[in-house]
Amino acid sequence: MNKEIVCIVCPRGCNLIIDEKMEVTGNACPRGKAYAISELTHPVRMITSSVRVTNRLETLASVKTSDSIPKDKIMEVMDIINSLSVEAPTHINQIVKKNVLGLGVDILITKKID
Ligand code: SF4
């Protein structure tokens with residue numbers, strides 16, 4: 001049975017169809033095929049969120065994962081992100097948490113706060 005998913009790699013949002021032989025159609029570029037196969041075999045996501053800044057009133061610093069993580073680890077990683085805080089000043093790509101859950105992925109600041 002064919003599986004249908006929407007490619008989220010770029011804003012074009014191609015409708016991808018994957019058949020039983022893992023043949024992908026509907027993709028306008030090769031990245032769609034790679035995304036479809038990854039999504040069916042080992043789905044991953046980047047996470048963006050924010051952490052508290054302890055020495056600034058009601059201030060959050062945006063963060064992201066340095067790479068994609070397995071989709072089934074998102075909630076665990078979000079729990080860790082929600083427990084994190086930083087002190088200003090912050091700089092972009094500052095590591096807030098290294099090697100989160102041993103996944104080889106860091107949590108990085110994406111907002112400069114003076
Ligand atoms: S298949 Fe290519 S063009 Fe289509 S949404 Fe994915 S990345 Fe964009």
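Computed from the coordinates by the stated procedures, all read-outs in this text should not be read as laboratory data. Since we're looking at a predicted model, the values are computed, not measured. FYI the Cβ positions are ideal-geometry reconstructions off the backbone, even for glycines, and counts take in every protein chain you see.
With +1 on each Lys and Arg Cβ and -1 on each Asp and Glu Cβ, how big is the dipole of the range 48-109 about its Cα centre, in debye rounded to the nearest 20?
60
Counting only residues 5 or more places away or on other chains, whose amide H sits under 5 Å from the amide H of Val44 once H atoms are built in the peptide plane?
Result for Val44 returns Lys71.
Based on the Cα gyration tensor of the range 1-44, what are the three equivalent ellipsoid semi-axes, each the root of five times an eigenvalue, rounded to whole Å and given largest first?
15, 11, 8
Could I get the Rg over Rh figure for the range 48-109? Both from C-alpha atoms, Rh via Kirkwood, rounded to two places.
Result for the range 48-109 is an Rg/Rh of 0.96.
What is the local net charge at Arg56, summed over the other residues whose Cβ is closer than 15 Å to its Cβ (Lys, Arg +1; Asp, Glu -1)?
So the surrounding residues net to 0.
Go through the range 54-67 residue by residue and turn each phi into a ³J(HN,Hα) via Karplus (6.51, -1.76, 1.60, θ = phi - 60°); whole Hz please, and just put x for glycine and proline.
Residue by residue, the range 54-67 yields 6, 9, 9, 5, 6, 10, 10, 10, 6, 9, 8, 7, 6, 7 Hz.
Tell me what the chain gives for mean residue ellipticity at 222 nm when only DSSP H runs of n ≥ 4 count, each as -39,500 (n - 2.57), the sum divided by the residue total, rounded to 500 deg cm²/dmol.
-6000 deg cm²/dmol
Tilt of helix 74-83 relative to the longest C-alpha principal axis of the chain, in degrees (0 to 90, nearest 10)?
Roughly 10 degrees, rounded to the nearest 10.
Given 0.36 nm per residue, what is the gain on full extension from Val9 to Ser68 after removing their alpha carbon distance, in nm?
20.0 nm
May I ask you to list the GluC sites (Glu not before Pro) in the range 9-114 that are in a DSSP loop and have at most 12 other Cβ atoms within 10 Å of their Cβ?
Passing both the DSSP loop test and the Cβ count: Glu20, Glu23, Glu58, Glu87.
Could you give me D for the chain, from Stokes-Einstein at 25 °C and 0.890 mPa s, where the hydrodynamic radius is the Kirkwood radius over C-alpha pairs? Units µm² s⁻¹, please.
Here the translational diffusion coefficient equals 155 µm²/s.
For Ser85 and Lys21, what is the calculated FRET efficiency with R₀ set at 35 Å and r taken between the beta-carbons, to the nearest 0.05?
Efficiency, from the Cβ-Cβ distance: 0.10.
Which of the trypsin sites (Lys or Arg not before Pro) across the range 1-109 are loop residues per DSSP, with 16 or fewer other Cβ within 10 Å?
Arg12, Lys21, Arg56, Lys98
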